[in-house]
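FYI, it's all coordinate maths here, none of it is from the lab. Predicted, not measured: the structure shown is a model, and the values here were computed from it. Ideal geometry is used to build each Cβ from the backbone, glycine not excepted, and the neighbour counts take in all protein chains shown.
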Amino acid sequence: MRNKSLIHTKQVRTQSGQTMRLEYYLINDTVLDGCAECYGVEVLARAGSTQSYSGIPYITMLGTRIFSLIDKLARLDVTPEGLYDVVAEWL
């Protein structure tokens with residue numbers, strides 16, 4: 001079973017001066033027949049009527065580690081387009 005929780009929300013300006021809303025989500029999946037949990041992240045960006053999304057499930061089984069990653073994503077204003085690169089470097 002998958003659960004998703006909003007952890008951080010930020011308003012940033014794009015290079016063109018448009019306001020973009022970034023939302024950072026924790027993904028929580030139950031694995032091993034309900035005996036364990038595995039965590040991932042999702043990033044949603046909304047600017048005007050357009051939006052983009054990227055998600056990576058099953059990154060780690062350590063809750064403290066995934067919160068550290070989500071905090072880093074929000075601190076660096078990571079967009080959906082940059083999510084995979086930042087997570088790959090973080091791993």
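When the test is whether a residue is free of Cβ contacts under 8 Å to residues at least 12 places away in the same chain, surrounded by fewer than 16 Cβ atoms within 10 Å (Cβ to Cβ) and either more than 16 Å from Y25 (Cβ to Cβ) or not β-branched (V, I, T) (or both), E89 passes it.
To keep it simple, each residue is scored yes or no on (1) more than 16 Å from N3 (Cβ to Cβ); (2) among the basic types (K, R); (3) buried (at least 16 other Cβ atoms within 10 Å of the Cβ); (4) in contact (Cβ under 8 Å) with a residue 60 or more places away in the chain.
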{"position": "T19", "(1), (2), (3), (4)": "yes, no, no, no"}
{"position": "L22", "(1), (2), (3), (4)": "yes, no, yes, no"}
{"position": "N28", "(1), (2), (3), (4)": "no, no, yes, no"}
{"position": "D33", "(1), (2), (3), (4)": "yes, no, no, no"}
{"position": "T50", "(1), (2), (3), (4)": "yes, no, no, no"}
{"position": "G55", "(1), (2), (3), (4)": "no, no, no, no"}
{"position": "Y58", "(1), (2), (3), (4)": "no, no, no, no"}
{"position": "M61", "(1), (2), (3), (4)": "no, no, no, no"}
{"position": "I70", "(1), (2), (3), (4)": "no, no, yes, yes"}
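For (1) within 15 Å of the chain's Cα centre (by Cα); (2) over 16 Å from L91 (Cβ atoms), each residue gets a yes or a no:
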position	(1), (2)
T19	no, yes
L32	no, yes
L44	yes, yes
G48	no, yes
I66	yes, no
